[in-house]
Amino acid sequence: MAENAATPAGQKPKQQNDSDHIDAPFTEGSVFKHVITMTLTGAVGLMSVFAVDLLDMYFLSLLGEAELAAAIGFAGTIIFFSASICIGLSIATGALAARAVGAKDRARTSSIVTNALSFSFAVALAVVLLMWPWLPDILDMIGAKGRTHELALVYMHILLPTLPLMAIGMGAGGVLRALGDARRAMFVMVTAAVVNGILDPILIFGLDLGLEGAAYASAIARVAMMTSGLYAIVHVHKLRGRWTKAGLSETLRPMMKIAGPATITNVATPIGNAYVIAVIAEFGDSVVAGNTIVARITPVAFALFFSMSGSIGPVIGQNLGAHRYDRVRETVASSLRFIVGYTAVLWAVFVLGQDLIISVFGATGPSADMIRAFCVWVVPLTSFLGALFVANAAFNNLGHPMRATFFNVTKATLGTVPFAYFGAQYYGPEGALVAQAIGSMVVGIAAVYVCFSTIQAVTDAADAKADEDISEHADDDASPKTPILPYSSARAFHAQPGTPVKSGDKP
């Protein structure tokens, strides 16, 4: 008997008699509960990783060199860019796997996982080879100079070669979320964070490696992330698909349809951030150091938002595979409600705790001003960025990845460049920071509106198809006299309340 490859968070895999069967837990039960469970477990994993990044910054600040913090800021921009490619690939992997799980097709799920992870590794390796000779020029382009440039280059030379390992680790996390195994997806991230957190003080202070020690710790953590992810997929969930040329060809076409736009979507953000850094770099290293502290605080504080963008995808994907369009809409609505409540609490915390944050990082002058602007103005505006993440997750899983690309590229260009430029011109570096968040607000509102319109369009199309098939079935004298379950959940649940729509039920 094969282990069941899709189990809710915290539960052990159940045994199935049918080796081709796979459970789809998100197609039943409370949608809001699924959203919260997936988001919180995902946030724990992300927060642990981001917290270690913040700890890196704290440890390096103890060395007393302002150039170290600035170097991490410049290198972090490039790392974010390369990691965004891995995120795009993991989104595609998770979306395809979730649809196969929603259709309860174990064989197809195994094939998708094997081929998608292999492809992700190859793409990440190609990115490393392409970026490597251009690293000094890229650092020049975003404003790194002198010793800051030298330190950032050392950091990148150590960490960038591990990008393919990160691609597999992230892809594995996407697969586990698609299976509904939020707990193990969380452990993949936590494992990396724990390894990084343990090695940081040992390498930075114990072996007196400083910045290089922080880079080596992060590199080893990526190895741990990949190992734990593959173990969960292969040994726990028994997804051991065989790599074949035909399987790769079958997987690549739908994967690239999602991965291409999703990668552009995620890459657009660091490109926009790079422009903001270039703008504020004109105000000196102290301002860049303050922005770097803010950049490390943001993912920790808003880990729930970053997690939600990856966590609700499997919920949407499974229900899409099961033709539960009513639950797709509710998934998006529940996510937005959660964002509003969380932001309100977080804003109060940051406004009251801004002096403590400044004190902990020893920020003074322009660095402290950047932190204050973030706590008072940027935190509440970031809720709209969370709404954009939710809309993008829906677009990617609904088969409209180009809409996610459009909105993210718009945010990184029209929603960033003019706002940051004029904000800096009139209000200095703090103005650039706040204005960028205002630009995200405008784009986020538009994205949510289009998202709900897209869900309605998909539902209407499914209803029309269901009505057409029901009509054809009614005219067929040879058809069996049994209840018909159409494709659209709107039709199925209005006609037969409480009756589950199963994948594969066709008129």
So how far, in whole Å, is the C-alpha centre of the stretch 355-383 from the one of the stretch 177-211? 26 Å
Hz values of 3J(HN,Hα) by residue in the stretch 156-161 - Karplus curve (6.51, -1.76, 1.60), Gly and Pro given as x: 5, 5, 7, 8, 4, x
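Using the Kirkwood radius over Cα pairs, work out the Stokes-Einstein diffusion coefficient for the stretch 134-228 at 37 °C and 0.692 mPa s, in µm²/s as a whole number.
D, rounded to a whole number, is 227 µm²/s.
Would you mind counting up the charge near Phe283? Only other residues with Cβ under 12 Å from its Cβ, with Lys and Arg at +1 and Asp and Glu at -1. Spell out each step's value before the answer.
Values: positive: none; negative: Glu282, Asp285, Asp369, Glu430.
Taking every other residue near Phe283 into account, the sum is -4.
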Leaving ligands, DNA and RNA out of it, report the carbon-plus-sulfur percent of the accessible area of the stretch 235-391 at a 1.4 Å probe. 66 percent
Looking at the stretch 177-327, what % of the alpha carbon pairs are farther apart than 28 Å? 41 percent
Apply the Karplus curve 6.51 cos²θ - 1.76 cosθ + 1.60, θ = phi - 60°, to the phi angles in the stretch 180-188 and return the couplings in whole Hz, x for Gly and Pro. x, 8, 5, 5, 6, 4, 5, 5, 4
Relative contact order for the stretch 279-433, counting Cα pairs under 8 Å that sit 6 or more residues apart, in percent: 33 percent
What does the charge add up to near Ile358, with Lys and Arg as +1, Asp and Glu as -1, over the other residues with Cβ less than 13 Å from its Cβ? -1
Which of the pairs Lys104/Lys465; Lys33/Lys411; Lys33/Lys465 have their Cα atoms more than 27 Å apart in this structure? Lys33/Lys411; Lys33/Lys465
Surrounding charge for Gly317, neighbours by C-beta under 10 angstrom, Lys/Arg +1, Asp/Glu -1, total +2
If we restrict to alpha carbons, what Rg and Dmax does the stretch 390-474 come to, in Å? 19.1, 70
Taking only protein heavy atoms and a 1.4 Å probe, what accessible area per residue, in Å², does the stretch 93-177 have with all protein chains in place? 35 Å²
Per-residue ³J(HN,Hα) for the stretch 365-370, Karplus 6.51 cos²θ - 1.76 cosθ + 1.60, θ = phi - 60°, Hz, x for Gly and Pro: x, x, 4, 5, 5, 5
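The values are calculated or read from the model by the stated rules, or taken from the named source; none is laboratory data. For clarity, every value in this text was computed on a predicted model and none was experimentally measured. Counting neighbours? That spans all protein chains shown, and the Cβs are built from the backbone with ideal geometry, glycine included. When the accessible area is computed, the model is the full protein with side chains, heavy atoms only, and any ligands, DNA or RNA have been set aside. Shrake-Rupley method; radii C 1.70, N 1.55, O 1.52, S 1.80 Å.
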